[in-house]
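Coordinate-derived values only; no laboratory data. Given the structure is predicted, the values throughout are model-derived calculations rather than measurements. Glycine gets a Cβ as well: all are built from the backbone with ideal geometry, and neighbour counts include every protein chain shown.
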Amino acid sequence: MSKLLFWIVIILVALVVARLLAQKATRGAPPTPSSRHRYPPGARPGAKDSPGSELMVRCAHCGIQLPTDEAVRRKGYNYCGLAHSLRGPKT
Ligand SMILES: [Zn+2]
């Protein structure tokens, strides 16, 4: 009877050790700590450039495409910069 109990304890310990090893493998293995904590979540480089993530507008003067938050808005038109906003839309 004590032999059966011994084997049950051995199996339980083995299961606990296997679970701990699996947790450690999934938690610690991927990227190095320095690269993992360099950027906050959602602010990774390249996320801004991914297609469809940001609304693009066209400069009314030169026609270049740029993100809405970088555009200069003047008299209902979007421009790539102050110079083109002063020149006005190209006819
Ligand atoms: Zn322009």
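Some points to look at:
- Near residue 74, the amide H atoms lying under 5 Å from its own belong to 79; only residues 5 or more places off or on other chains count, and H is placed 1.01 Å from N.
- Residues 56, 1, arranged from fewest to most other Cβ atoms within 10 angstrom of their Cβ, appear as 1, 56.
- Here the Karplus curve 6.51 cos²θ - 1.76 cosθ + 1.60, taken at θ = phi - 60°, turns the phi angles of the range 9-14 into couplings of 4, 4, 5, 4, 4, 4 Hz, with x standing for Gly and Pro.
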